[in-house]
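*Asks:* Attaching a single structure in structure tokens format; questions to follow.
The values are calculated or read from the model by the stated rules, or taken from the named source; none is laboratory data. Predicted model only: the values in this text are computed from it and were never measured. Here the Cβ positions follow ideal geometry from the backbone for every residue, glycine too, while neighbour counts run over all protein chains shown. Areas reflect the complete protein model, heavy atoms only, side chains present, ligands, DNA and RNA absent. Shrake-Rupley method; radii C 1.70, N 1.55, O 1.52, S 1.80 Å.
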Amino acid sequence: MVLIALAVALPNGITGDVHTLTRLAGLFGYQLIFLAVLSSAFVRPLIKAFGRPFVTLHHIVAISGLSLIVLHPILASSAWGDRSILLPRFESLQTFIQWGGSPALLVLIIAVLAAGLRQQLKDAWQVVHGLTYVAFVLGTAHAATAPFTTDLQSTWIRVVTWLLAAAALAVCLLRRTTLKPKRRTQR
């Protein structure tokens, strides 16, 4: 994962400035969110490999990714002196997608809050938490189409990001079909 972020960031330069930190927060956060999504397809193997409850492992990765994803727009708005980038834009579908990081972040926060409110939301929390997949695809579209993106100009990097989005959607479908845990019947 670190190698992917560095392979993306190195050609555009890595310095200690806020622009580099913004890019790296976005790249690492994106990859950690992907790992959190992917991990849900490998619950038993992860428990066996790490000897810890799945939720613990999943939350460590997800919270780390979320922290970096939250940091990304904060650093960006600071670097450009423009707080409006924190808000969704609706001028056109293209603009919405290019600036889709803001709605993706909002959807992701709602999905995370649903996990935190599992007991209060009962069975509905899983449906709301499933918005993570929507947020990931929207974040991918933002990363691949943002007009100011320099890290994803390479065709192979864009292909990899769309493959990650396709893998996330595949995990979503698997979770909703074959990996869905069977409910115990009450007697």
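*Asks:* If a residue has to be within 18 Å of Phe34 (Cβ to Cβ) and modelled with pLDDT of 85 or more to count, how many in the range 104-128 make the cut?
*Replies:* From the range 104-128, those within 18 Å of Phe34 (Cβ to Cβ) are 104-105, 107-109, 111-112, 115; that's our starting set.
Now drop any that are not modelled with pLDDT of 85 or more, which leaves 104-105, 107-109, 111-112.
Number satisfying all stated conditions: 7.
*Asks:* Follow-up question, since we're still on this one. Which of the residues spanning the range 122-146 are in contact (Cβ under 8 Å) with a residue 40 or more places away in the chain and either on the phi > 0 side of the Ramachandran plot or more than 14 Å from the chain's Cα centre (by Cα) (or both)?
*Replies:* Of everything in the range 122-146, those that are in contact (Cβ under 8 Å) with a residue 40 or more places away in the chain and either on the phi > 0 side of the Ramachandran plot or more than 14 Å from the chain's Cα centre (by Cα) (or both) turn out to be Thr145, Ala146.
*Asks:* Give Gly16, Gly29 a once-over and let me know the one that is at pLDDT below 85 and of a type outside the set (A, V, I, L, M, F, W, C).
*Replies:* Numbers: Gly29 fails: at pLDDT below 85.
Within the list Gly16, Gly29, the selection yields Gly16.
*Asks:* Spot the failing condition for Arg52; the list is (1) open to solvent by 50 Å² or more (accessible area, probe 1.4 Å); (2) assigned to a helix (DSSP H, G or I), and only one is missed.
*Replies:* (2)
*Asks:* Tell me, which helices (runs of 4 or more DSSP H) lie completely within the range 56-155 with 3 or more residues that are open to solvent by 80 Å² or more (accessible area, probe 1.4 Å)?
*Replies:* Per the criteria, 101-116, 118-121.
*Asks:* Just the residues that are of a type in the set (S, T, N, Q) and within 19 Å of Cys172 (Cα to Cα), please, taken from the range 88-136.
*Replies:* Of everything in the range 88-136, those that are of a type in the set (S, T, N, Q) and within 19 Å of Cys172 (Cα to Cα) turn out to be Gln126, Thr132.
*Asks:* Here are some residues: Ala104, Ala62. Which one is under 19 Å from Gly29 (Cα atoms) and in contact with a Phe, Trp or Tyr (Cβ under 9 Å, 6 or more places away or on another chain)?
*Replies:* On inspection, the qualifying residue turns out to be Ala104.
*Asks:* Scan the range 25-42 and report the pairs whose first residue is more than 10 Å from Leu66 (Cα to Cα) and whose second residue is open to solvent by 20 Å² or more (accessible area, probe 1.4 Å) and not in a helix (DSSP H, G or I), with Cβ atoms within less than 6 Å and a gap of 6+ or a chain change.
*Replies:* Listed by first residue and then by second, the contacts come to Gln31/Met1.
*Asks:* When you go through (1) touching a helix residue (DSSP H, G or I) at 6+ places or on another chain (Cβ under 7 Å); (2) over 19 Å from Ala141 (Cα atoms); (3) at pLDDT below 85 one by one for Leu46, which number turns out not to apply?
*Replies:* (3)
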